1. Taking neighbour counts of Cβ atoms within 10 Å as a proxy for exposure, in what order, fewest first, do T5, T74 appear?
2. Could you order the peptides 53-66, 21-34 from most to least packed, using the average number of other C-beta atoms within 10 Å per residue?
Amino acid sequence: MDLVTGAKEVYVLMSHCTRDAEPKLVKRCSYPLTGLAVVSKVFTDLAVIHVIDGRFVLIEAVDGLDVEMLQTMTGADILVRSRQNVVAARLVMIVASIRCHEIGRY
């Protein structure tokens, strides 16, 4: 069953790195895919990243984390776009964080 067939947008909520501090955001997936090139936004514990034309575009990072440090924790290049929609991105990160904690309780 293909979970992303026909989806207009696919959002992924995930941790940015593995328990061993390896990047989860990579240039090429090594696991079988549910859909190819369907993810539009990635929300991690460190950043909000949009996927535009197959490239990671940084929208917002947690306070105190600079782009260079984030890049070292990411297995693919990150482009930096202007800081528009910062308030909206922070709100989405807060809601995603709350939602993850709610899911973890059950």
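No value in this document is a laboratory result; all are computed from the given coordinates. In this text the structure is predicted, and so the values were computed from the model without any measurement. Glycine gets a Cβ as well: all are built from the backbone with ideal geometry, and neighbour counts include every protein chain shown.
1. Numbers: T5 9, T74 22.
In increasing order of surrounding Cβ atoms, one gets T5, T74.
2. Numbers: 53-66: 13.8, 21-34: 10.1.
Sorting 53-66, 21-34 by mean packing, highest first, produces 53-66, 21-34.
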